[in-house]
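The values are calculated or read from the model by the stated rules, or taken from the named source; none is laboratory data. These numbers come from a predicted model, not from an experiment. With ideal geometry, Cβ positions are generated from the backbone for all residues, glycine too; neighbour counts draw on all protein chains shown.
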Amino acid sequence: MDSLISTLAIWALPVLLAITLHEAAHGYVARHFGDPTADLAGRITLNPLRHIDLVGTVLVPAGILALSTLFGAGGILFGWAKPVPVNFGRLRNPKADMLWVAAAGPFMNLLMAIGWALLFRVAIASEAGAYTLPMMKMADAGMQINAVLMVLNLLPIPPLDGGRIAVSLLPHRLAWRFARIEPYGFPILLVLLFTGLLGVVLWPLIAGFRFLLATVFGF
């Protein structure tokens, strides 16, 4: 039980920041390109309470961590926040601007992963103390959850960010046809998850990104 509590304490802040700031970034960029919907809803904020989804932000990540800690069950740690409302029709150039709005979330995860990597490097260089190991573990957790969310959301499956990026880049006729997949996107993800194919696709990309961080920051 003590191990589970320690694990949850270490992962709580990285997971909360990774999920909520990802969503806030979408709203901020949407406002920049002309859609004030998220701003009017009070969702362009660093206050995590405005973004938390009880199931996606708390129960799902905590459940995965609990299973991993208590039973050694491996799996991809992920979660989600309340989706930021974006009215793509209000963007100044809806099809083109959709790319930047969609890419904002994964880009925020990239920035946070870099920030946690820097903290990990600082912890390694610091003198050993009571907070050194917890800092390293939290920084490692921050790199991991942001790597997972960045790579997962870049998959070209609507309504994931990668799917919306693909819709923005495809010619109009193909984009319209591809966008029709969106109602089936979540069931497709569930099938990929439970068949193990999602892990087969994601883990090499996540591992490659983690290796790149380690190489750049020298740890």
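A few notes on this one:
- Flag if Leu149 is over 23 Å from Leu197 (Cα atoms) and either out of contact with any Ser or Thr (no Cβ under 7 Å at 6 or more places or on another chain) or not in a helix (DSSP H, G or I) (or both): no
- Listed by first and then second residue, the pairs with beta-carbon distance under 8 Å, at least 6 apart or on different chains, first residue in segment 198-219 and at positive phi, second assigned to a helix (DSSP H, G or I), are Gly218/Arg121.
- When each of Arg164, Arg173 is tested for being among the charged types (D, E, K, R) and touching a residue at least 40 places away in the same chain (Cβ under 8 Å), the lone residue that passes is Arg164.
- Options Ile10, Ile19, Ile44: the member that is assigned to a loop (DSSP other than H, G, I, E, B), touching a residue at least 12 places away in the same chain (Cβ under 8 Å) and surrounded by 14 or more Cβ atoms within 10 Å (Cβ to Cβ): Ile44
- Yes/no for Ala38 being surrounded by 18 or more Cβ atoms within 10 Å (Cβ to Cβ), more than 22 Å from Ile145 (Cα to Cα), among the small types (Gly, Ala, Ser) and modelled with pLDDT of 85 or more: yes
- The number of residues in segment 17-52 that are among the acidic types (Asp, Glu), farther than 18 Å from Arg164 by Cα and within 14 Å of the chain's Cα centre (by Cα) comes to 0.
- Put simply, of Leu193, Leu174 the only residue that is of a type outside the set (S, T, N, Q), under 18 Å from the mean Cα position of the chain (by Cα) and modelled with pLDDT under 95 is Leu193.
- Restricting segment 54-75 to residues that are hydrophobic (A, V, I, L, M, F, W, C) and at pLDDT below 70, the residue that is surrounded by the most Cβ atoms within 10 Å (Cβ to Cβ): Leu70
- All conditions but one from (1) in contact with a Ser or Thr (Cβ under 7 Å, 6 or more places away or on another chain); (2) within 27 Å of Trp203 (Cβ to Cβ) apply to Lys95; the one that does not is (2).
Quick grid of which residues meet (1) among the hydrophobic types (A, V, I, L, M, F, W, C); (2) over 21 Å from Leu21 (Cα atoms); (3) buried (at least 16 other Cβ atoms within 10 Å of the Cβ); (4) in contact (Cβ under 8 Å) with a residue 12 or more places away in the chain:
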{"residue": "Leu99", "(1), (2), (3), (4)": "yes, no, yes, yes"}
{"residue": "Asn109", "(1), (2), (3), (4)": "no, no, yes, yes"}
{"residue": "Ala117", "(1), (2), (3), (4)": "yes, no, yes, yes"}
{"residue": "Tyr131", "(1), (2), (3), (4)": "no, yes, no, no"}
{"residue": "Met135", "(1), (2), (3), (4)": "yes, no, yes, yes"}
{"residue": "Val148", "(1), (2), (3), (4)": "yes, no, yes, yes"}
{"residue": "Asn153", "(1), (2), (3), (4)": "no, no, yes, yes"}
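- Exclusive hit being of a type in the set (A, V, I, L, M, F, W, C), within 26 Å of Lys95 (Cα to Cα) and out of contact with any Pro (no Cβ under 7 Å at 6 or more places or on another chain), set Ala24, Ala9, Ala41: Ala24
- For Ile181: the one exception among (1) at pLDDT 90 or above; (2) out of contact with any Gly (no Cβ under 8 Å at 6 or more places or on another chain): (2)
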